[in-house]
Amino acid sequence: MTLHLRVGFMPLVDCALVILAKDEGFAEAEGLNLELVREVSWSNLRDKLNVRLFDAAHMLGPAAIAATLGVGGVKAPMAVPLALNLDGAAITLSVRRYEELARLTEGDMADTTVSARALAAMVERRKASGLPPLTLAAVFGFSSHTYLLCEWLAKGGLVLGKDIRFEVVPPPQTVEALTSGRVDGFCAGAPWNTAAVAAGIGAMVHCSVDLRRNCPDKVLAWRADDADRRAAAVSKLNAAILLASDWACQPANFGRLAMHLSKPDRLALPADILEPVLHWELLQGAGRPPRNVERFIRFDREALRPDPEHADWILAGMEQAGQIIRSPEMTEQARAVFRPALFAGSGHHT
């Protein structure tokens, strides 16, 4: 008997394994009928999972932890039987702000401390001139993107939300927010940095791997009670996604994967913008050649194992961003969101 599962996703390269599970027939082979629903914001996606409009969802790891802890207005315990990727984000500024940053840089701009100090100099200069503060966006308050921004700014002695205004802009709206001047820059997952550069309005400053290698990012989230109650469904979906991972890691399949992702009901972006990202080749903008970033985004099985230690980095990020005051009980709850036992029990696992 075929089992129907409704899975929510956001239009990003890191939803690839969920898309492939459906479009390449891996879910069907596991006896699943996957219905994929594209969402407009991470809060919508979280809320629909919470009220069971979705069975499972492509979700930010920190959002799953925040919901479990009841931080941010929603208390909804989540379980993560597998991750969907590691890394894959970047920080992009408007071309104008990037050029200003480059002029203020003393040393190698590729060094995150050097660029953060230049940013601090820009902040000071604006303050002295009576200009409004810079605005940087991340895709959600509870996201690795917010915490990466905080880490970068801290290297220049800056605090996000104090020295620099902070806004939440969902991934598909980042390019428009940069174009309109609503934000001066953003941190988001691929391909939205590439899309901003391709549109001629953005310049990439750093990739997430410049700040933190193997950074926890998206996960497959279930309501915790559903993950416990529906072990067979969890195992089948895990198995389908692990098969998708094996397929997605073969460069010969990148062209076909880019085609799947480019569809109007998926990312709705040209495949020729998406495919280079899969080859770890990123547009930088501001007259610079593309940059090849080793293992820019990871979809391999090792990257998919849910790691309770990732919760420690996420909680540290939440604390740095002023979202929580950490307690031992909180650490225990957050670590329990990641369920390596459910991953180990997946079909076809090697």
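The values are calculated or read from the model by the stated rules, or taken from the named source; none is laboratory data. Everything numeric here is computed off the predicted structure, so don't read it as measured data. Backbone-built Cβ (ideal geometry, glycine too); neighbour counts: all protein chains shown. Accessible surface is based on the protein model in full, side chains and every heavy atom, while ligands, DNA and RNA are left aside. Shrake-Rupley method; radii C 1.70, N 1.55, O 1.52, S 1.80 Å.
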* **One residue from Ile325, Ile314 being in a loop (DSSP other than H, G, I, E, B) and farther than 21 Å from Thr194 by Cβ** => Ile325
* **Criterion violated by Ala258 - all others in (1) open to solvent by less than 50 Å² (accessible area, probe 1.4 Å); (2) in contact with a Phe, Trp or Tyr (Cβ under 9 Å, 6 or more places away or on another chain); (3) within 30 Å of Glu24 (Cα to Cα) satisfied** => (2)
* Restricting attention to the range 115-147, report how many residues are surrounded by fewer than 16 Cβ atoms within 10 Å (Cβ to Cβ) and of a type in the set (A, V, I, L, M). => 2
* Is it true that Ala116 is assigned to a helix (DSSP H, G or I), touching a Phe, Trp or Tyr at 6+ places or on another chain (Cβ under 6 Å), at pLDDT 95 or above and over 30 Å from Val337 (Cβ atoms)? -> yes
* **Residue count for the range 176-194, restricted to those that are surrounded by fewer than 24 Cβ atoms within 10 Å (Cβ to Cβ) and assigned to a helix (DSSP H, G or I)** => 4
* Of all residues in the range 155-164 being open to solvent by 10 Å² or more (accessible area, probe 1.4 Å) and in contact with a strand residue (DSSP E or B) (Cβ under 8 Å, 6 or more places away or on another chain), the one that is farthest from Leu45 (Cα to Cα) -> Leu158
* Asked: Of the residues Glu151, Glu167, which is assigned to a helix (DSSP H, G or I), open to solvent by 10 Å² or more (accessible area, probe 1.4 Å) and of a type in the set (D, E, K, R)?
  -> Glu151
* Residues being assigned to a helix (DSSP H, G or I) and either over 19 Å from Arg301 (Cβ atoms) or open to solvent by 10 Å² or more (accessible area, probe 1.4 Å) (or both) - total across the range 1-37 -> 5
* Somewhere in the range 170-187, is a residue more than 21 Å from Val95 (Cα to Cα) and out of contact with any helix residue (DSSP H, G or I) (no Cβ under 8 Å at 6 or more places or on another chain)? -> no
* Structure fact -> Residues of the range 195-240 being among the polar types (S, T, N, Q) and not in a loop (DSSP other than H, G, I, E, B), in sequence order, are Ser208, Ser235, Asn238
* Pull up the range 45-74, narrow it to residues that are within 22 Å of Ser144 (Cβ to Cβ) and without any contact (Cβ under 8 Å) to a residue 12 or more places away in the chain, then point me to the one that is most open to solvent (accessible area, probe 1.4 Å). => Gly73
* **Selected residue (only one of Arg305, Arg339, Arg335 is at pLDDT 95 or above, among the charged types (D, E, K, R), surrounded by fewer than 20 Cβ atoms within 10 Å (Cβ to Cβ) and more than 29 Å from Leu153 (Cα to Cα))** => Arg305
* Quick one: which residue in Ala102, Ala79 is assigned to a strand (DSSP E or B) and over 24 Å from Val277 (Cα atoms)? => Ala79
* Asked: Would you pick out the residues in the range 270-289 that are under 27 Å from Arg96 (Cα atoms) and surrounded by fewer than 16 Cβ atoms within 10 Å (Cβ to Cβ)?
  -> Pro270, Asp272, Glu281, Gly287, Arg288, Pro289
* Asked: Can you spot a residue in the range 93-101 that is under 22 Å from the mean Cα position of the chain (by Cα) and open to solvent by less than 30 Å² (accessible area, probe 1.4 Å)?
  -> yes
